[in-house]
Amino acid sequence: MAGYNPNRKKKTYSFNRQQPSKIIATVVDGKVEYFDETLVTVDNPFYQLQNAASQGLPPPPPPILAQYDEDVIEFLWTDTETATFNIVFSQNPYVTLEVLPASGFENIAFFASNISTTGFIANVSAPFSGQLVYRSIVSPTFPVIIERVVVSNSFYYTASAGSIPASSNSEFLATYNAIGVSSPQHIFFTPIDDDNNGDAGVALQETGSMGLTTTAVTFSAPVYNSIHYLAVKP
């Protein structure tokens, strides 16, 4: 058609046409904030990453954590102290003791008695002033992951624990489940006065290097009670 100008059919403007404001409310750090949706980008949680279940796979099993407790017992020229656990165990735990500092107290023998789900009695062979660290654990299977909380920080270790009947022996072999591709970093032993008659006060000493699954230990004298042990590795 003569004289037809197609530009006359376009909706063009000589200025930028602004979109009308759209005020929305959203929660930021626990407070309600108001924004103009036309000026900001609002992140809405429309999508989530696919997990194993959404892909038709079973979810990974959660890590198994043992019931574990660790704390310091203060001695002030006494030979017995009552320790109360920070948790209530589901059954009587394995309990091990360690003298702090280890240097200078080589002649102190220690043992545990009256173990229950809420605490135990820590015994030493002679009155002394110092500290014992107890480590207590309950788990249906080993090895298991334990969480140590030291100065408000969490540290996770793999652990195996158990009990060995001493039965008048002067040495024993602690056999524990393998806790890694190498030997444990630490293994703790403590005589347990099963009869609660005070006759478990002997010193223990490792006779060989810690192996992947066993550690050899000797007594300073034969005992007739059980030995609790705990092997740990970061």
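Quick check: is even one residue across the range 205-220 within 19 Å of the chain's Cα centre (by Cα), surrounded by 15 or more Cβ atoms within 10 Å (Cβ to Cβ), modelled with pLDDT of 85 or more and among the β-branched types (Val, Ile, Thr)?
Here is the first cut: in the range 205-220, the residues within 19 Å of the chain's Cα centre (by Cα) are none.
No, the range 205-220 has no match at all.
I need the full set of residues from the range 221-234 which are closer than 23 Å to Ala159 by Cβ and either aliphatic (A, V, I, L, M) or modelled with pLDDT under 90 (or both), in order please. So that I can check it myself, show each step before the final result.
Residues of the range 221-234 that are closer than 23 Å to Ala159 by Cβ, as a first pass: 225-234.
Matches in the range 221-234: Asn225, Ser226, Ile227, Leu230, Ala231, Val232, Pro234.
Looking for whichever is of a type outside the set (Lys, Arg) and either at pLDDT 90 or above or in a loop (DSSP other than H, G, I, E, B) (or both) here; the options are Phe89, Phe155. Which one fits? Working first, answer last.
Details: Phe155 fails: either at pLDDT 90 or above or in a loop (DSSP other than H, G, I, E, B) (or both).
It is Phe89.
Could you go through the range 101-112 and let me know if any residue there is at pLDDT below 85, in a loop (DSSP other than H, G, I, E, B), surrounded by 15 or more Cβ atoms within 10 Å (Cβ to Cβ) and among the aliphatic types (A, V, I, L, M). Spell out the reasoning first.
Quick first cut of the range 101-112, residues at pLDDT below 85 only: 101-109.
Within this subset, residues satisfying the condition of being in a loop (DSSP other than H, G, I, E, B) are 101-109.
Now narrow it down to the ones that are surrounded by 15 or more Cβ atoms within 10 Å (Cβ to Cβ): 105, 108-109.
Among the residues that remain, those that are also among the aliphatic types (A, V, I, L, M) are: 108-109.
The answer is yes; a qualifying residue exists.
Residue under question is Val150, and the condition is that it be within 21 Å of Ile192 (Cα to Cα) and within 18 Å of the chain's Cα centre (by Cα); does it hold?
Details: within 21 Å of Ile192 (Cα to Cα): no; within 18 Å of the chain's Cα centre (by Cα): yes.
Criteria not met by Val150.
State yes or no: is Ile121 modelled with pLDDT of 90 or more, part of a strand (DSSP E or B), closer than 25 Å to Asp79 by Cα and in contact with a strand residue (DSSP E or B) (Cβ under 9 Å, 6 or more places away or on another chain)?
Values: modelled with pLDDT of 90 or more: yes; part of a strand (DSSP E or B): yes; closer than 25 Å to Asp79 by Cα: yes; in contact with a strand residue (DSSP E or B) (Cβ under 9 Å, 6 or more places away or on another chain): yes.
In short, yes.
Search the range 175-204 for residues being at pLDDT below 70 and of a type outside the set (D, E, K, R), and hand back the single one that is farthest from Asn107 (Cα to Cα). Even if it seems obvious, please write down each step before you answer.
Kept after step one, since they are at pLDDT below 70, are these residues of the range 175-204: 199-201, 203.
This time we only want the ones that are of a type outside the set (D, E, K, R), so: 200-201, 203.
On the way: Ala200: 15, Gly201: 11, Ala203: 8 Å.
Ranking the qualifying residues of the range 175-204, first place goes to Ala200.
Just to be sure I understand, how many residues within the range 125-145 are closer than 17 Å to Ile227 by Cβ and at pLDDT below 95? I'd like the intermediate steps shown before the answer.
As a first pass, look at the range 125-145 and keep what is closer than 17 Å to Ile227 by Cβ: 125, 132, 134-137, 142.
When the remaining residues are screened for being at pLDDT below 95, the result is 125, 132, 142.
So the count comes out to 3.
The values are calculated or read from the model by the stated rules, or taken from the named source; none is laboratory data. The model shown is predicted, which means the values in this text are computed figures rather than measured ones. With ideal geometry, Cβ positions are generated from the backbone for all residues, glycine too; neighbour counts draw on all protein chains shown.
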